[in-house]
Structures are given as C-alpha cells and as structure tokens.
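**Student:** First the structure, then my questions, so here it is.
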Amino acid sequence: MSDCIFCKIVDGDIPSKKVYEDDSVLAFYDAHPKADTHILVIPKQHIVNLYDVQAHQWPLVQQVLQSVQRIAEQENLVGYRLISNNGAQGGQEVFHMHWHILAGDKLPGFQ
C-alpha cells in the first residue's frame, strides 16, 4: 500500500532500527517509545488488522507471533507486554497489522 508508513519501512523507503527480519516478518524499534524497550513486529505483507485477516493469511499471522518469542530471547526480555490494537476504536493508529513488545521498569497502562 503506497501510503502506509510500515509498508514504506518494509520497502526501505523509510529507515528503521531493525531488531529482527526474515522473509515474512520485520521487527524494529518504535520511533516514539512508550517503554524502556518498545519494539514493533509486523508482517511484511500489508494486512490492516486482525479483523481483516483472510483464511490464507493465518499462517503468516502465526509466523509473526512466533517471531515474538525469538525477538524476546534475542533481546533478553524475561518479561514483556504484547499488545495489538485493532481498528480506530481499539486504538490502532497505523493501519498495518502490528504488535508492540513493551518491556522495562515502567510499563504504560494497566497492570
């Protein structure tokens, strides 16, 4: 999608500080972190959110979620919060499916 900031990051048009990458998944540090560690994990394929996942895309969603474990191990995160906002009413601001990995001493939101 030409106007999607995450698609532009995947394409290399916008730089990011990559944490993890494979053929289907990209993870990078959030430009405006909300915690000591704030990593965004996205599928390289544009999917708006969980509501829009088509049957053939569920294996990709599984790959994205499996990468979270690899990223946590790689970054030595013994505890973390994993968040995905879905839809405008759910707090989604970038309409490309993504998960936030938040870790550190002070995590925002509910405990």
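Laboratory data are not the source of any read-out in this text; all were calculated from the coordinates shown. None of the values given here were measured: they were computed from a predicted structure. Virtual Cβ from ideal backbone geometry, glycine too; neighbours counted across all protein chains shown.
**Student:** With θ set to phi - 60° and the Karplus curve 6.51 cos²θ - 1.76 cosθ + 1.60, what are the ³J(HN,Hα) couplings of the stretch 71-78 in order, to the nearest whole Hz, using x for Gly and Pro?
**Tutor:** 5, 4, 5, 4, 8, 6, 8, 7
**Student:** With a cap of 13 neighbouring Cβ atoms within 10 Å, and only residues DSSP puts in a loop, list the chymotrypsin sites (Phe, Trp or Tyr not before Pro) found in the stretch 13-111.
**Tutor:** Sparse-neighbourhood loop chymotrypsin sites (Phe, Trp or Tyr not before Pro): Phe110.
**Student:** Select from the stretch 14-94 those trypsin sites (Lys or Arg not before Pro) which occupy a DSSP coil region and have at most 16 other Cβ atoms within 10 Å, ordered by residue number.
**Tutor:** Hits after loop and neighbour filter: Lys17, Lys34.
**Student:** Still on this model: Which label belongs to the value computed from this structure, given these candidates for Cα extents along the principal axes in Å: [x] 53, 49, 28; [y] 54, 29, 23; [z] 36, 30, 26?
**Tutor:** Calculated Cα extents along the principal axes in Å: the matching label is [z].
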